[in-house]
Amino acid sequence: MTPIAQHIQEIRASLPTGVRMVAVSKFHPVEELMEAYEAGQRLFGESRQQELLAKIPQMPADTQWHFIGHLQTNKVRSLVGKVAMIESVDTERLLDLIDKESERAGVTTRVLMQVHVAREETKFGFYPEELEAYFAEHRFEQLRATHICGVMGMASNADDMERVARDFRDIAACYQRIKEIATDLRGFDVLSMGMSHDYPLAIEAGSNLVRIGTAIFGPREY
Ligand SMILES: *Cc1c(COP(=O)(O)O)cnc(C)c1O
């Protein structure tokens, strides 16, 4: 068994039932993705549009892709219809554009709303209050070709695991409040949080989708 296949088996064995795993393959070559594929992995995450578009035709057709990076509005059209989910919707403008382009392409795009709780300035996403207001005002009802499936978030990049756990609880609380606010929202059931170094804490806080790169593929060479 290759190291990649072994990592996938080990991580999968450690995940509770109901928790799915995105194999985050950014910066890794297709040969490594194929090793993961052969170990049974079908769901992959990429954060750069060009890299994703280059990889799609090189992988088997039943590979599923989640886009997890900051998405520029001028790149939306090229992704719509090609990805199973865009996890990183961080502005209403981006959401509206995804909707417009999806309608134009005759597809429905599944998305997650990215919520920002970590203190670092560089992270993208809606503040919890902002996101809750979006749902409280039922603005999602204007969407015609977009299905909001849940929330994605990242914890602070901190060694302080208390802090990380608190961030995950804050993201999970935002997700729960949206469920309570928008009871007519259908199929809102994905809580994506947890990466290689913190996914056990994320699962404890309620994550049902973890995004794991380094622990599967090893360090990235940027
Ligand atoms: C790169 C990335 C990951 C995976 O990070 P690892 O630490 O390598 O597991 C998860 N989520 C997002 C949004 C990423 O950009």
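The values are calculated or read from the model by the stated rules, or taken from the named source; none is laboratory data. Because the structure is a prediction, the values reported are computed rather than measured. With ideal geometry, Cβ positions are generated from the backbone for all residues, glycine too; neighbour counts draw on all protein chains shown. Note: accessible area is taken over every heavy atom of the protein model, side chains too, but ligands, DNA and RNA are not part of it. Shrake-Rupley method; radii C 1.70, N 1.55, O 1.52, S 1.80 Å.
Values as computed for the structure displayed
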| read-out | value |
| --- | --- |
| In segment 164-215, residue farthest from Ala13 (Cα to Cα) [restricted to those that are within 16 Å of the ligand (Cβ to nearest atom), assigned to a loop (DSSP other than H, G, I, E, B) and small (Gly, Ala, Ser)] | Ala205 |
| Enumeration of residues in segment 84-112 that are in contact with a Cys (Cβ under 7 Å, 6 or more places away or on another chain) and within 11 Å of Met152 (Cα to Cα) | Val111, Leu112 |
| Search result, residues across segment 20-31 that are surrounded by fewer than 18 Cβ atoms within 10 Å (Cβ to Cβ), in contact (Cβ under 8 Å) with a residue 60 or more places away in the chain and farther than 22 Å from Leu201 by Cα | Phe27 |
| Hey, Met161 closer than 25 Å to Ser14 by Cα, open to solvent by 20 Å² or more (accessible area, probe 1.4 Å) and at pLDDT 95 or above or not | no |
| Per-region count, segment 106-148, residues within 16 Å of the ligand (Cβ to nearest atom) and either within 17 Å of Val83 (Cβ to Cβ) or open to solvent by less than 50 Å² (accessible area, probe 1.4 Å) (or both) | 10 |
| Pairs with Cβ under 9 Å, 6+ apart, first in segment 47-75 and without any contact (Cβ under 8 Å) to a residue 12 or more places away in the chain, second away from the ligand (no atom under 14 Å from the Cβ) and among the charged types (D, E, K, R) | Gln50/Lys75 |
| All positions within segment 188-222 that are more than 21 Å from Val164 (Cβ to Cβ) and either open to solvent by less than 30 Å² (accessible area, probe 1.4 Å) or touching a Gly at 6+ places or on another chain (Cβ under 9 Å) (or both) | Phe188, Asp189, Phe217, Gly218 |
| Residue count, segment 1-33 (criterion: out of contact with any strand residue (DSSP E or B) (no Cβ under 9 Å at 6 or more places or on another chain) and charged (D, E, K, R)) | 3 |
| Of all residues making up segment 70-87, the number that are farther than 17 Å from Ala145 by Cα and either among the hydrophobic types (A, V, I, L, M, F, W, C) or in contact with a Gly (Cβ under 9 Å, 6 or more places away or on another chain) (or both) | 1 |
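Residue-wise test of (1) open to solvent by 20 Å² or more (accessible area, probe 1.4 Å); (2) under 26 Å from Pro200 (Cβ atoms); (3) at pLDDT 95 or above.
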position: Gly18; (1), (2), (3): yes, yes, yes
position: Leu43; (1), (2), (3): no, yes, yes
position: Val76; (1), (2), (3): no, no, yes
position: Lys82; (1), (2), (3): yes, no, yes
position: Arg93; (1), (2), (3): yes, no, yes
position: Arg104; (1), (2), (3): yes, no, yes
